[in-house]
Amino acid sequence: MQYGMIIDLERCVGCHACTIACRAEWEVPVPYQRNWVKRLGPTMTADGMASTYYPGLCNHCDKPPCVDECPADAVDMTFTDAKSGKTKTMQVAATWKDPFDGSVQVDKDRCLGCGACADACPYGARYVNPELADDDSEGKVDKCTFCKPRVEQGLEPACVQTCIAGARIFGDLTDPNSAVSQYVKKGAKGLEVKDGHIGPNARYYGKKRDIGLLFADYTPELADMGSVKRRAMMASMVKPAMRKAKDIGLLGLAGAMLVKGLSEDKDNK
Amino acid sequence: MAFNLTRRKFLQTASLAAASVPLSKVVSASTGVTKSALDTTGTAGDKTVVGGICEMCFWRCQLVGKVRDGRLMKLEGNPKSIDNGTAICARGNAGVKLLYDVDRLKYPMKNVGKRGAPKWKRISWKEALDECGSKLKGTVDQYGAQGICVFPHGASAKYPMHYFERAVGTHNVSEASFFQCRGIRDTAYVQTIGKAPGEKVDMPNTKVLFFIGDHLGENVHVSHIKQYIQGLQNGAKLIVADPRFSASAAKADIWVQIKPGTDTAYMLAIMNYLVQNNKYDKAFVEDYTDGFEEFAAAIKEWTLEKAAKECDIPAEQIKEVADMLADNAPNVAIHPGRHVSWHGNDFQRERSLACLTGLLGAYYVKGGWVPPKGPKVGGVSWAKEDHGHEFDLNMNHHEDEKIYPFNPPGTPTDLIRDCAISGKPYPIKSCVVWGQNPMQTIPNQQKMKDLFNAMDFVMCVDVMPTDVTAWADILLPEASYLERYDYIKKGTQWDLSKEHQQYISARMPLVEPMFERKDQIYICNEIAKRMGHEAKIPVKTIEEMVDKSLATANLSIEKLRAEDGIHIRPGKDPYGVPEDFEVRLFNDDIEDAGYPGAPTYVAVPDNPKGFARLLYGRAPVHTFNRSQNNVWLNNAMPDNPVWVNDEVAATLGLIDGDTVGFINDEGVESATTTTVKVTAGIRKDCVYMYHGYGSANPLMTIGVGAGVDDTSLITRLAIDPETGCHGMRNNFVKLTKNGKVLDIPA
Amino acid sequence: MPTTEPSEDIARVYRFLSQCMQYPDADWMTDDFFNVLYNLLGTLGAVEDGVSIKKEIDNSSDPIEDLQVEYTRLFINGMPHVIAPPYGSVYMDQSFQGAFAGDTLAFYRNKGFGMDESADLPDHLIHELEFLSLLAKENDFAGEEEFLKKLFRPWYSKFHPRVSKGAHHPFYRVVVQLIDFFTKEEDKDGFQPNEA
């Protein structure tokens, strides 16, 4: 099974309800977000004047660029298929692609908050919340989970449930009879990265001029994996140091930085 | 200040007085310490409370609340609803942030400073109500009931409004939803078909959607959007006339990029073309209209070419539109509009819409204008009393006729303001503002301030400290829609072609009010008692009002609650023209009153040289100006960029994101700035902003100064002569950048 | 002077400070009340603070109304903007009744306390101080330390400077300083480190 989300831009009216419902459901603090709506145009395109929307979220990609970047220690994790009851055990760091439903999830307890995964995402779908920092991390990453806890209870994802225009369709892309598969047959496509094949599973459908505008403005590039990997490496290195009492190391640093800031201010006046 | 003792040392020496505590020890039914888990649980497991009816806007979707330990975590559409279903819009979802807004009014407060620059002091309800009661009674005793003017808005203002109109007896009531919004539409249609039209076009089943403005998508009403999208999905063609490429223009088959103010000419040309080419519904016109001959003669001058010139659109396009309507008549939806107070010539434009619908035979047929047959539920309020018209400001006593003959209910706003400020024909000395923010709603803010300064007493009732509340002497905190009973929401399924059903629901609280917020029945009744009207009080509590109302439909609060908040029963087929239905294409009464009996084009002033016309509209995440302090909604669209045509921008050297201010054609400058949005999707002679930003009140800590308050630039009073309602798109602006004023090229 | 248990004393201190944060009213803001406050400040070596409060009061024609206006401005709906609503959730969740309010209520419940009907929100400063006084009375030092560390200091340290900066009347500036003094962490020698 591979869960996917269809955004039908013929239906979408750009009301932003999906972003607020997600925020309410999962208590996502402002200024962060698990999903977003960008407003495009009016712009003259080859197919005429166009104005449309980019309701975006984590694409739970076929080959997610984020998962492999996580520097947390890998552990064995056993996954259970909700439908068949089958299980599978694999080694995962603090983020992984579910072997049964294809969604990409995070274990906040083991997350180091280094942000390598967030940097690796071409869509900016992840964020690190520094308020959740603890003795072992600089914060915790958060992202769209395809509302896994809701879906497992037979509910719709919060964004799908609230959509006033019926523009969000959720389901199994591997089931040829599902509504999402019908959209794929009609030509719904994901915002694939330039010169890449990561296989985004949120797919967009709509009028030619609107899809054209969306893809022209928001086709992303793969992240500079060099800097992503460096960040992950640094996070790994400081893990032991992070576990020590914070008031010695961090406080001292903060105090020193503060003093430095003040004297810089003086110089700049 | 540093203390020279440690805490421990201090404790060995001091002794202190104690005070009583309301914390009480209970035998622990311990819930255990909730460890703050890193992962939030989601709301699926929270308690569902039924009976919510939204009031973030006035479409009033049906809600359930998800409550955790007394905290409202989330709002969702009530799955039983046959109106909005489980869907609610951005504002509906953000209602929890209104509920818990830190800046929300909490206690009654008294202004011990100046009006406009208040120093607030919290007071008790008794003190507050005593003051309101005695001051208002004082005004009535000294000046008569007409000495009180009222600015109400929303469901909670209905009962108090009726109190002042009926029990106290003042005519001086100005509802913004009429005089600054849809009043013109309602009275124009009443003069054409005998009833107000609402937005009751059968969009899911239509073949053509005809919009003048109607930026659905930026204007969001949930079940209306469902109807609209269903229509498009079913293959309906969409024609949108708008100077700007709006959200609806973006889905249109034909976008008529019309010059602002000229829409009536466009429609007269369409109607004339239909008449001249025999493309109108002859049978319908014969059976159901009146005055066709005079009407046809009156519009004869409007050739396609004449309209094309006036409207600055191609004549072929007008013809294309007319043919499309004719080819698909009568199953075409001529949308009556909603906020129609644009230019001061709006009554005639609304008459045109109503007549066009008639010419096409598009009343009471599939896809046309069809009022649903909904359930009847009796209202409960103060008993009506006849107070005569001696002090009705809309009466010209010499001629014994109305000044504005086709006014919506209440008194035209500027008749009230002029009277209050000048003291003629009589003094108005007390002002009651209930749920309305006249400062950001009514053109010419200075005039509003002048009114307040002329008052002996001003009281405001609201949930948020909107701009107007800074002018109150007494400010009362109201229970929000999530914390009270009131509104009866009723109707039918949204797709009229589906199984006919009716629903009845009533607003019920989802949580208890915090602090000392009270509902409108309590507040109004307490004031009524102090003004000597205790005997007239129709209901003692808000629950009593709702139960009495529901009883007229054999329902009750208890029954509704047991039905998940919504009672559904079989409905009635709404299609089919009533026998006595009549479309007055030519209306003698209007003619007798001194206005054109057939729909007529009245030109609006052109742009002064160097200025662009200021246009405004809705943002999908805001409602009027009242949601700008909402943390979630502000985050979604934090300010209101000004749309500037790309060629104009290029000439002025402006790029996307530049910061600009405004100066209007009466020399008024904007207090704040906004950013430029450069786009080909707007005419060169106008600029556009979302309405409802730029609050001046520092008490709105999120919304204050974010973006520009468009109302501050709407200073010219353009009053629709038939109705007395304000037109608000007759001001022109120049942009200012870095202190320099930029002339808009011709 | 009668000797009292330290726990009894700190309980009284918390209760007094809680009272200081009630809405000003002539009923309880009597001469006795102010004398107790001046006395307390004196024993802490902060006599000048008591003097500045007394001066402000003596020079006013309606000192209680001054305090009411100040309280409204600082804590309820003030000009230029509500300065410092005294609820933990406002600083931790930027809202009333955020997750922080829920955690606070859960802590009370775990210790066997509930909220009376007349009570404000659970994370109101007044109730948190009252709760601390009850823990102290029961000699629950561990509970007191845990509550201070997890549910009081994280938000109070943000609330305190807002009041200090925004206050015009010395009364509230002094009161929040007192609360700060009595709720700060101490090392084993009774010294309070500077919070970063």
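Per the Debye formula on identical point scatterers at the alpha carbon atoms of region B:247-297, with no solvent, log10 I(q)/I(0) at q = 0.23, 0.24, 0.26 Å⁻¹ is -0.92, -0.95, -1.02. For A:Leu40, the residues whose modelled amide H falls within less than 5 Å of its own, excluding neighbours fewer than 5 places apart on the same chain, are A:Thr52, A:Tyr53, A:Tyr54.
The 3J(HN,Hα) values that the Karplus relation (6.51, -1.76, 1.60; θ = phi - 60°) gives for region B:641-647 are, in residue order, x, 9, 7, 10, 4, 5, 5 Hz. Gly and Pro appear as x. Rounded to the nearest angstrom and listed largest first, the equivalent-ellipsoid semi-axes of region B:323-444 from its Cα gyration tensor are 37, 20, 16. Using only the alpha-carbon atoms of region B:425-475 as identical scatterers, what base-10 log of I(q)/I(0) does the Debye formula give at q = 0.24, 0.30 Å⁻¹? For the requested q values the scattering log ratios are -0.90, -1.27. Placing +1 on the Cβ of every Lys and Arg and -1 on the Cβ of every Asp and Glu, with no other charges, gives region B:363-509 a dipole of roughly 740 debye about its Cα centre.
Measuring between alpha carbons in the structure, the pairs from A:Lys63/B:Lys226; C:Lys55/C:Lys165; A:Lys148/A:Lys185; B:Lys319/B:Lys684 lying more than 29 angstrom apart are A:Lys63/B:Lys226. Within 10 Å of the Cβ of each residue in B:83-92, the mean number of Cβ atoms contributed by other protein chains is 6.
Would you mind checking the tilt of helix B:125-143 against the longest principal axis of the Cα atoms of chain B, expressed as 0 to 90 degrees and rounded to 10? Helix B:125-143 sits roughly 50 degrees off the main axis of chain B.
Would you mind ranking C:Phe182, B:Phe347, C:Phe141 so that the residue whose beta carbon has the fewest other beta carbons within 10 Å leads the list? Don't skip to the end; give the middle numbers.
Numbers: C:Phe182 19, B:Phe347 29, C:Phe141 12.
Listed from fewest to most nearby Cβ atoms, that is C:Phe141, C:Phe182, B:Phe347.
Apply the a/c threshold of 1.5 to the C-alpha gyration tensor of region B:117-175 and tell me whether it is rounded, prolate or oblate. Judged from the Cα gyration tensor, region B:117-175 comes out oblate (a/c at least 1.5, b/c at or above a/b).
Once you order the gyration tensor axes a ≥ b ≥ c over the Cα atoms, which shape class does chain A get: rounded for a/c under 1.5, otherwise prolate or oblate by comparing a/b with b/c? List each step's numbers first, then the result.
Details: a/c = 2.10, a/b = 1.41, b/c = 1.49.
Oblate.
Please report how far the C-alpha centroid of region C:80-103 lies from that of region A:126-202, rounded to the nearest whole angstrom. Taking the Cα centre of region A:126-202 as reference, the centre of region C:80-103 is 32 Å away. Here region C:29-162 is assigned +1 on the Cβ of each Lys and Arg and -1 on the Cβ of each Asp and Glu. Its dipole about the Cα centre then comes out at about 540 debye.
Which whole-number percentage describes the relative contact order of chain B, with Cα contacts under 8 Å and a sequence gap of 6 or more? Don't jump to the answer; show the numbers that get you there.
Details: 1630 pairs, mean separation 136.6, N = 746.
Computed over chain B, the figure is 18 percent.
Of the two radii for region B:194-277, the radius of gyration is 0.98 times the Kirkwood radius, both from the alpha carbons; that is the Rg over Rh value. Its residues counted as N, region A:49-93 yields a C-alpha radius of gyration over 2.2 N^0.38 Å of 1.81.
With a simple spin-label model that places each label point 7 Å from the Cα along the Cα-to-Cβ direction, the separation between B:His389 and B:Phe515 comes to 4.4 nm. The mean sequence distance of close C-alpha pairs (under 8 Å, at least 6 residues apart), as a share of the length of chain A, puts its relative contact order at 26 percent.
Backbone N atoms of region B:450-469 closer than 17 Å to the 7 Å Cα→Cβ label point of B:Asp141 belong to residues B:456-457. Considering only Cα atoms, the convex hull volume of region B:631-746 works out to 132 Å³ per residue. What FRET efficiency comes out for A:Thr174 versus B:Ala603 if R0 is 60 angstrom and r is the Cβ-Cβ distance? Round to the nearest 0.05. For R0 = 60 Å, the calculated efficiency reads 0.45.
Looking at chain B, identify the longest residue range that excludes and avoids all GluC sites (Glu not before Pro) in DSSP loops having at most 10 other Cβ atoms within 10 Å.
B:1-398
How about region C:124-170: which GluC sites (Glu not before Pro) there lie in a loop by DSSP and see at most 16 other Cβ atoms within 10 Å? Write out the running numbers ahead of the final one.
Values: sites: C:Glu128, C:Glu130, C:Glu138, C:Glu144, C:Glu145, C:Glu146; in loops: C:Glu138.
Answer by residue number: C:Glu138.
With the dipole of the protein assembly as shown worked out from charges on the C-beta (+1 for Lys and Arg, -1 for Asp and Glu) around the Cα centre, which of B:Tyr143, C:Gln97, B:Cys419 lies farthest toward the positive end? Farthest along the dipole direction, towards plus: C:Gln97. Seen from B:His171, the other residues with C-beta closer than 14 Å to its C-beta sum to a net charge of -3, counting Lys and Arg as +1 and Asp and Glu as -1. So what's the gap between the Cα centers of region B:409-468 and region B:634-658, to the nearest angstrom? First find each Cα centre; the distance between them is then 34 Å.
Strictly greater than 14 Å: what percent of every Cα pair in region B:341-391 meets that? Display every interim value, and only then the final one.
Values: 944 of 1275 pairs.
Percentage above 14 Å: 74.
For the protein assembly as shown, a crude dipole built from +1 on the beta carbon of Lys and Arg and -1 on the beta carbon of Asp and Glu, taken about the Cα centre, is about 1960 debye to the nearest 20.
Helix B:346-359 and the longest principal axis of the Cα set of chain B meet at an angle near 60°.
For chain C, what is the convex hull volume of its Cα atoms per residue in Å³?
Per-residue hull volume (Cα only) is 142 Å³.
Karplus-based coupling profile of region C:125-142, in residue order and whole Hz: 3, 4, 6, 5, 5, 4, 4, 4, 5, 6, 4, 5, 4, 8, 6, 8, 4, 4, with θ = phi - 60° in 6.51 cos²θ - 1.76 cosθ + 1.60 and x standing for Gly or Pro. Against the main long axis of the alpha-carbon atoms of chain B, helix B:222-233 sits at an angle near 40°. Taking θ as phi - 60° and the Karplus parameters 6.51, -1.76 and 1.60, the scalar couplings of region B:419-426 work out to 5, 4, 6, 8, x, 10, x, 7 Hz in sequence order, x denoting glycine and proline. Kirkwood analysis of the Cα pair distances in region B:510-554 returns a hydrodynamic radius of 12.0 Å.
Placing unit charges on each Cβ (+1 for Lys and Arg, -1 for Asp and Glu) gives region B:49-154 a dipole about its Cα centre, and among B:Leu72, B:His153, B:Trp120 the Cα reaching farthest toward its positive end belongs to B:Trp120.
Which value results when the Cα radius of gyration for region A:187-234 is divided by 2.2 N^0.38 Å?
Numbers: Rg = 14.1 Å, N = 48, 2.2 N^0.38 = 9.6 Å.
Normalised by 2.2 N^0.38 Å, the Cα Rg of region A:187-234 equals 1.47.
Ratio of Rg to Rh for region B:495-534, alpha carbon only, Kirkwood?
On the way: Rg = 18.6 Å, Rh = 14.1 Å.
Taking Rh as the inverse mean 1/r over Cα pairs, Rg/Rh reads 1.31.
Report the Stokes-Einstein translational diffusion coefficient (µm² s⁻¹, integer) for region C:37-122, Rh taken as the Kirkwood radius over Cα pairs, at 20 °C with viscosity 1.002 mPa s.
135 µm²/s
Normalised Debye scattering of region A:146-213 at q = 0.12, 0.24, 0.26, 0.27 Å⁻¹ gives log10 I(q)/I(0) of -0.38, -1.23, -1.28, -1.30, counting only Cα atoms as equal scatterers and leaving out solvent.
I'm a student and want to see the number: the projected area of the Cα convex hull of region B:559-703, averaged over all directions, in nm². Write out the running numbers ahead of the final one.
Values: hull surface 69.7 nm².
Projected area, direction-averaged: 17.4 nm².
Peptide B:220-228 is shielded by partner chain Cβ atoms: per residue, an average of 3 of them sit within 10 Å of its Cβ. Both radii are taken from the alpha-carbon atoms of the protein assembly as shown; with Rh as the Kirkwood radius, Rg/Rh is 0.98.
Counting Cβ atoms of other protein chains within 10 Å of each Cβ in A:31-39 and taking the mean gives 2. With N counted as the residues of region A:1-123, its alpha-carbon radius of gyration over 2.2 N^0.38 Å works out to 1.29. Cβ crowding within 10 Å, taken as a proxy for footprinting-reagent exposure, orders B:Met459, B:Met514 from fewest neighbours to most as B:Met514, B:Met459. In this simple spin-label model, placing a label point 7 Å from the Cα along the Cα-to-Cβ direction at both B:Glu558 and A:Lys194 gives a separation of 6.9 nm.
Based on a Kirkwood Rh over C-alpha pairs, give the Stokes-Einstein translational diffusion coefficient of region B:163-213 at 20 °C and viscosity 1.002 mPa s in µm²/s. Write down the numbers at each step before the final one.
On the way: Rh = 13.6 Å.
Answer from the Stokes-Einstein relation: 157 µm²/s.
Helix-only estimate, please: 222 nm mean residue ellipticity of the protein assembly as shown, summing -39500 (n - 2.57) across DSSP H runs of length 4 or more and dividing by its residues, to the nearest 500. Let's see the in-between values first.
Numbers: 39 runs with 388 residues, N = 1211.
Here the helix-only value at 222 nm equals -9500 deg cm²/dmol.
Expressed as a whole percent, how much of the Cα-Cα distance distribution for region C:2-53 exceeds 13 Å? It would help to have the intermediate numbers written out before the result.
Numbers: 859 of 1326 pairs.
Result: 65 percent of Cα pairs exceed 13 Å.
For B:Val604, neighbours were defined as the other residues whose beta-carbon sits under 14 Å from its Cβ, and their charges (Lys and Arg +1, Asp and Glu -1) total -3.
Let's test the formula: R0 of 56 Å, r as the Cβ-Cβ distance of A:Glu27 and C:Asp31. What FRET efficiency results, to the nearest 0.05?
Details: r = 48 Å, r/R0 = 0.86.
Calculated transfer efficiency: 0.70.
Taking 1 over the mean of 1/r across every pair of different Cα atoms in chain B, what Kirkwood radius in Å do you get? Working shown, then result.
On the way: mean 1/r = 0.0362 Å⁻¹.
Evaluated on chain B, it is 27.6 Å.
FYI, it's all coordinate maths here, none of it is from the lab. Being a predicted model, the structure only gives us computed values, none of them experimental. With ideal geometry, Cβ positions are generated from the backbone for all residues, glycine too; neighbour counts draw on all protein chains shown.
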